[in-house]
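Just below is one structure, and these are the notes that go with it.
The values are calculated or read from the model by the stated rules, or taken from the named source; none is laboratory data. Everything quoted here is computed from the prediction, not taken from an experiment. Cβ coordinates were reconstructed from backbone atoms using ideal geometry, including for glycine residues, and neighbour counts include every protein chain displayed.
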């Protein structure tokens, strides 16, 4: 199993949250800010999600393949 910590700057996260349409997500800009204060365990792989989705997915797949 591979643990990822997805991250991007708070202003970008808040912008995405506000811009998205109806969703089942409970995320708000305030929740994103609180999660930004969370310190990852150090055992997860950081994944920069400020890049295009395809780039983030490609990196995640590459990391997962290394664990096989």
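Those helices (runs of 4 or more DSSP H) of the chain that lie entirely within it include none in which at least 3 residues are in contact with a helix residue (DSSP H, G or I) (Cβ under 8 Å, 6 or more places away or on another chain), touching a residue at least 24 places away in the same chain (Cβ under 8 Å) and surrounded by 13 or more Cβ atoms within 10 Å (Cβ to Cβ).
Can residue 22 be described as modelled with pLDDT under 90 and touching a strand residue (DSSP E or B) at 6+ places or on another chain (Cβ under 8 Å)? Answer is no for this residue.
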